[in-house]
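Structure, as structure tokens:
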Amino acid sequence: MGKQKKVTEQKLPKWFDGVLYTDGDIVRNPLSGAEIELTNVELSMYDFIMGCQLLAAHGGVVPGRLNTQFRKGLDWFIKNNIQAYMVLLD
């Protein structure tokens, strides 16, 4: 039998208005090459965070509300999966 991942009930915060994926996936840090498996909820938040970073990189300015949500997204990751935060976002 394959290795089973311990599943915990995670919820996205009320302020999150992005897409909730049905499946998780393995994500690779583009700088270090390190990989980590994310749940569907974690992947949804990760993509939201990366989208915010992309907007900031290409547009220069992220609107105040989105910047606040970006910071809240990072805080959510620290609380819900510190290992994934350290591998992908720190």
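The values are calculated or read from the model by the stated rules, or taken from the named source; none is laboratory data. A quick note: this is a predicted structure, and the numbers were derived from the prediction, not measured. Cβ coordinates were reconstructed from backbone atoms using ideal geometry, including for glycine residues, and neighbour counts include every protein chain displayed.
Going residue by residue through segment 52-71, is there one that turns out to be touching a residue at least 24 places away in the same chain (Cβ under 8 Å) and more than 11 Å from the chain's Cα centre (by Cα)? Looking through segment 52-71, at least one residue is touching a residue at least 24 places away in the same chain (Cβ under 8 Å) and more than 11 Å from the chain's Cα centre (by Cα). Scanning segment 31-61 for residues that are surrounded by 17 or more Cβ atoms within 10 Å (Cβ to Cβ) and either outside any helix (DSSP H, G or I) or of a type in the set (Ser, Thr, Tyr) (or both) returns ILE36, LEU38, THR39, SER44, TYR46.
In summary, GLN83 fulfils each of the numbered conditions (1) modelled with pLDDT of 95 or more; (2) within 11 Å of the chain's Cα centre (by Cα); (3) exposed (fewer than 15 other Cβ atoms within 10 Å of the Cβ) with the single exception of condition (2). Specify the residue that is nearest to CYS52 (Cα to Cα); the eligible residues are those in segment 18-30 that are part of a loop (DSSP other than H, G, I, E, B) and touching a Phe, Trp or Tyr at 6+ places or on another chain (Cβ under 9 Å). So the residue we want is GLY18.
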